[in-house]
Amino acid sequence: MRIHPTAVIDPTAELAADVSIGPYCVIGNDVVIGRGTRLASHVVIEPYTSIGEECDIRHTSVLGGTPQDFKFHGERTALIIGDRNVIREFVTIHRATGEGEATRIGDDNMIMAYCHIGHNSTLGNGIIMANQVGISGHCLVEDRVVFGGMVGIHQFVRIGKLAMIGGLSKLVTDAPPYMMVDGRPTEVAGLNVLGLRRAGIPSKVRAGLKQAFRLLYRSGLNLSQGIEAAYNEVEPSEERDYLLEFLSNIRRGYSGRQNDPRGR
């Protein structure tokens, strides 16, 4: 274990034997840090934060801060971060609101400088967030989503896996999987063909998703009609079914901002 003498570490923190803690870091009570994780200088890890193995946390990030939420009244909540995440300079990630609740970050994510992830949000694996992305509370970001820089995400939004969000976009509704979305407000601009290829999705399945995209967004059908047409005309696959179920949930109001208990 390499701990700089200027670091301040609460005695209740649990640090694996080979972590590295840089100058002027502050680690609060009931923090857990897994093996091989490295903290650069001036990193603050607030109470009840758990960080997995082999993470690289750069200068002046603040992880596990209290949520920016009037409903929070000091209850014990958590931030849980997985393995092999890269968290760059000035990133802030808040723990949850609600006794026993947690904000969760998966594995193998790249979170670039000045990004913010709000309370009660859940991020999957393999996500890339360019600089200054802001994710509000209660959001769900599924695996291998790519964000351009300076994207703003409204609370309670769900983003499907392998979606790509264009830089400077304003996202206030759910973003469907496998699609490229862009704009203010966002619109589906195309199929994320490169992302699908890199993910190893077979060419036959990609062709089916391309056909589904045309039916859903380029045929003049409304959402219900497009979903029905895709079920009838596109060859079945796990990816097709996941896309159409995602869109059906939006239509029925079972996901995204429709989950806001305040009805906003």
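The values are calculated or read from the model by the stated rules, or taken from the named source; none is laboratory data. The structure presented is a predicted model; accordingly, all values stated were derived computationally and were not measured. Methodologically, a virtual Cβ is constructed for each residue, glycine included, from the backbone with ideal geometry; neighbour enumeration extends over all protein chains shown.
Does the stretch 178-189 include one or more residues that are part of a strand (DSSP E or B) and either basic (Lys, Arg) or without any contact (Cβ under 8 Å) to a residue 12 or more places away in the chain (or both)?
yes
Go through the stretch 211-237 and count every residue that is surrounded by fewer than 16 Cβ atoms within 10 Å (Cβ to Cβ) and either touching a strand residue (DSSP E or B) at 6+ places or on another chain (Cβ under 7 Å) or in contact (Cβ under 8 Å) with a residue 24 or more places away in the chain (or both).
Result for the stretch 211-237: 3.
Among the candidates Cys55, Cys25, which residue alone is out of contact with any helix residue (DSSP H, G or I) (no Cβ under 6 Å at 6 or more places or on another chain), among the hydrophobic types (A, V, I, L, M, F, W, C) and within 17 Å of Asn109 (Cβ to Cβ)? Talk me through it step by step, then tell me what you get.
Values: Cys25 fails: within 17 Å of Asn109 (Cβ to Cβ).
Only one candidate qualifies: Cys55.
Can you work out which of the residues in the stretch 45-91 that are among the polar types (S, T, N, Q) and surrounded by fewer than 19 Cβ atoms within 10 Å (Cβ to Cβ) is farthest from Ser121 (Cα to Cα)?
We begin by selecting, within the stretch 45-91, every residue among the polar types (S, T, N, Q); these are 49-50, 60-61, 66, 68, 77, 85.
Filter once more, keeping what is surrounded by fewer than 19 Cβ atoms within 10 Å (Cβ to Cβ): 60, 66, 68.
Details: Thr60: 21, Thr66: 13, Gln68: 13 Å.
Going through the qualifying residues, I end up with Thr60.
Taking only the stretch 104-128 into account, find how many residues are surrounded by fewer than 23 Cβ atoms within 10 Å (Cβ to Cβ) and in contact with a Pro (Cβ under 9 Å, 6 or more places away or on another chain).
As a first pass, look at the stretch 104-128 and keep what is surrounded by fewer than 23 Cβ atoms within 10 Å (Cβ to Cβ): 104, 106-108, 110, 112-114, 116, 118, 122, 124-126, 128.
Next, from what is left, pick out any that are in contact with a Pro (Cβ under 9 Å, 6 or more places away or on another chain): 118.
The total comes to 1.
Just the residues that are touching a residue at least 24 places away in the same chain (Cβ under 8 Å) and part of a helix (DSSP H, G or I), please, taken from the stretch 190-202. Explain how you work it out, then say what you get.
We begin by selecting, within the stretch 190-202, every residue touching a residue at least 24 places away in the same chain (Cβ under 8 Å); these are 192, 195-196, 199, 201.
Once the filter is applied, which keeps residues that are touching a residue at least 24 places away in the same chain (Cβ under 8 Å) and part of a helix (DSSP H, G or I), the stretch 190-202 yields Gly195, Leu196.
Could you list, in sequence order, all residues of the stretch 169-200 that are buried (at least 19 other Cβ atoms within 10 Å of the Cβ) and over 19 Å from the mean Cα position of the chain (by Cα)?
Within the stretch 169-200, just Leu191 meets the criteria.
Kindly indicate the residue of the stretch 14-34 that is among the hydrophobic types (A, V, I, L, M, F, W, C) and either over 26 Å from the mean Cα position of the chain (by Cα) or more than 14 Å from Ser61 (Cα to Cα) (or both) and also surrounded by the most Cβ atoms within 10 Å (Cβ to Cβ) among those meeting that condition. It would help to see each step written out before you state the result.
From the stretch 14-34, those among the hydrophobic types (A, V, I, L, M, F, W, C) are 15-17, 19, 21, 25-27, 31-33; that's our starting set.
Next, from what is left, pick out any that are either over 26 Å from the mean Cα position of the chain (by Cα) or more than 14 Å from Ser61 (Cα to Cα) (or both): 15-17, 19, 31-33.
Numbers: Leu15: 20, Ala16: 15, Ala17: 7, Val19: 20, Val31: 22, Val32: 18, Ile33: 26.
So the residue we want is Ile33.
If you check Gly126 against the conditions, is it closer than 24 Å to Ile159 by Cβ, out of contact with any Ser or Thr (no Cβ under 8 Å at 6 or more places or on another chain) and assigned to a loop (DSSP other than H, G, I, E, B)? Write out each step before concluding.
Numbers: closer than 24 Å to Ile159 by Cβ: yes; out of contact with any Ser or Thr (no Cβ under 8 Å at 6 or more places or on another chain): yes; assigned to a loop (DSSP other than H, G, I, E, B): yes.
Taking the combined requirement at face value, the residue satisfies it.
Suppose we filter Glu239, Glu228 for residues that are under 17 Å from Leu162 (Cβ atoms) and modelled with pLDDT of 95 or more; which single one remains?
Working: Glu228 fails: under 17 Å from Leu162 (Cβ atoms).
After applying the criteria, what remains is Glu239.
Of all residues being among the hydrophobic types (A, V, I, L, M, F, W, C) and not in a strand (DSSP E or B) in the stretch 129-155, which is surrounded by the fewest Cβ atoms within 10 Å (Cβ to Cβ)? Just the residue, please.
At the first step, the residues of the stretch 129-155 found to be among the hydrophobic types (A, V, I, L, M, F, W, C) are 129-130, 133, 135, 139-141, 145-147, 150-151, 153.
Now narrow it down to the ones that are not in a strand (DSSP E or B): 130, 133, 139, 145, 150-151.
On the way: Ala130: 19, Val133: 26, Cys139: 25, Val145: 24, Met150: 14, Val151: 23.
In this case the residue turns out to be Met150.
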